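The values are calculated or read from the model by the stated rules, or taken from the named source; none is laboratory data. All of these numbers come straight from a predicted model, not from anything done at the bench. Note: ideal-geometry Cβ built from the backbone for every residue, glycine included; neighbour counts use all protein chains shown.
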Amino acid sequence: MSLMLPLAVGLALGLLLGLLGGGGGILAVPLLLAMGQTMDAASTTSLVVVGIGAAAGLAMHARSGRVDWRIGLIFGLLGSAGAIAGSRLAFAVDDRIQLAGFVVLLLVAAWGMLRRRPASSSPDDDEPLPDPRWGTVLLYATGVGLITGFFGVGGGFVAVPALVLALRMPMKRASATALLVILVNVTIAFLAHGTSHLDGPLTLTVSAAAATGAVVGALLQSRVPTLALQRAFGVLLVIAAGYEVVVLSIAS
């Protein structure tokens, strides 16, 4: 396999993580599948790639003071049970069922990205947040963890709107804090998955490129219109879902 493809994939995934605080993981699995990996290998490799990319992007956002460490850690840790349960379930479910669920997830995420207008961000991103609705936080956090473990994705595309909805967090602050949620979730999910399906050289190459892309994405976030990014991301999700349908039909 040419080295250019894993590097390009990693850079693209990292850019999405750095710019939007999510999106890299949900595209990582279909792209890794396109490189010839099995579903189990792709989901495990995705966790490593997304985790390293999220850590790189998080470091850059932290320098700008946009990360809410307390909320991010609480949200991530609350999702731990879901991440572990999802990881165990992933190995027990037939690949075709997992792929079918992933297609539905891609289309739901695409619909949300294409229809939702981003909340307006303002200089008061550092103002104290209202008291969180902890029942809603628990529900969303568990759901994000379950998605992370079952599909091998970071869950950022769910975590960002969850932080905005459950905690009324401004968009830029939510996208930065979501990287911390992703990092906690993928770390726990990876420990549950194990390394038996991991392709070391490929994972290292894609992860290094993802870290570079995440740094660049974090630096560019304030310069790129969020609405344009969301629409482009939604289109990419539809394309990824179409690819998964083809894979599913072949597997059947």
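Descriptive notes on the structure:
- Among residues of segment 193-205 being surrounded by fewer than 19 Cβ atoms within 10 Å (Cβ to Cβ) and part of a helix (DSSP H, G or I), the one that is modelled with the highest pLDDT is Leu204.
- All told, Arg168 meets the bar of being at positive phi and either within 14 Å of the chain's Cα centre (by Cα) or among the basic types (Lys, Arg) (or both).
- Each residue in segment 86-114 was checked for being touching a helix residue (DSSP H, G or I) at 6+ places or on another chain (Cβ under 6 Å), under 19 Å from Ala232 (Cβ atoms) and surrounded by fewer than 16 Cβ atoms within 10 Å (Cβ to Cβ), and 1 of them qualify.
- Complete set of residues in segment 170-192 that are outside any helix (DSSP H, G or I) and closer than 16 Å to Gly143 by Cα: none
- Filter result (in a loop (DSSP other than H, G, I, E, B), modelled with pLDDT under 80 and touching a helix residue (DSSP H, G or I) at 6+ places or on another chain (Cβ under 9 Å)) within segment 154-169: Gly154, Gly155
- Gly234 vs. criteria in contact (Cβ under 8 Å) with a residue 60 or more places away in the chain and not basic (Lys, Arg): yes
- Pair list, Cβ < 9 Å and 6+ apart or interchain, from segment 211-224 residues that are within 13 Å of Gly14 (Cβ to Cβ) to residues that are of a type in the set (D, E, K, R) and loosely packed, with under 15 Cβ neighbours inside 10 Å: Ala218/Arg63
- Contact map, segment 147-176: residues that are free of Cβ contacts under 8 Å to residues at least 60 places away in the same chain and under 16 Å from Leu13 (Cα atoms) paired with residues that are surrounded by fewer than 24 Cβ atoms within 10 Å (Cβ to Cβ) and hydroxyl-bearing (Ser, Thr, Tyr), Cβ distance under 9 Å, separation 6+ or inter-chain. No pairs are found.
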